[in-house]
Amino acid sequence: MSTTTDFIAELVRAANEVEKLSSYEVSRMLDRSVNTIRELRHELGIVPVQGRDALTYISTVSAGAAQVPNEEWYHGLLHAAEMIRDLHIVRDTGTEFRISEVES
């Protein structure tokens, strides 16, 4: 398995065992996830749309890990794992796509 795949598995395991984690551990994992997602996006040339970035939720849970319920830890960890998995697949398959903002 690759380092990325190992990290995805670690996030899923942590989400399924949040009751065994401290807020510090969750915050560190989510911060690492945010950095990983940013790096993958940079490699792929993906620029997030300001005000609509899915990383906002993960960052918010990380920053407030000591105050939010374990259910938010669970969702934050799984959301991070899903984003990393999806970006990893796009990178490894060489998929190319264009992102454009739709005007309302």
When every residue in the range 6-16 that is touching a residue at least 60 places away in the same chain (Cβ under 8 Å) and among the small types (G, A, S) is compared, the one nearest to G76 (Cα to Cα) is A15
Do you know which residues across the range 66-100 are touching a residue at least 12 places away in the same chain (Cβ under 8 Å), under 17 Å from H42 (Cβ atoms) and assigned to a loop (DSSP other than H, G, I, E, B)? I99
So, in the range 17-59, how many residues would count as being touching a helix residue (DSSP H, G or I) at 6+ places or on another chain (Cβ under 8 Å), free of Cβ contacts under 8 Å to residues at least 12 places away in the same chain and more than 14 Å from M83 (Cα to Cα)? 1
Can you name the helices (runs of 4 or more DSSP H) wholly within the range 2-65 that have at least 1 residues being at pLDDT 95 or above and loosely packed, with under 13 Cβ neighbours inside 10 Å? 3-16, 23-44
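The values are calculated or read from the model by the stated rules, or taken from the named source; none is laboratory data. All values derive from a computational prediction rather than experimental measurement. Heads up, the Cβs are rebuilt from the backbone with ideal geometry, glycines too, and the neighbour counts pull from every protein chain shown.
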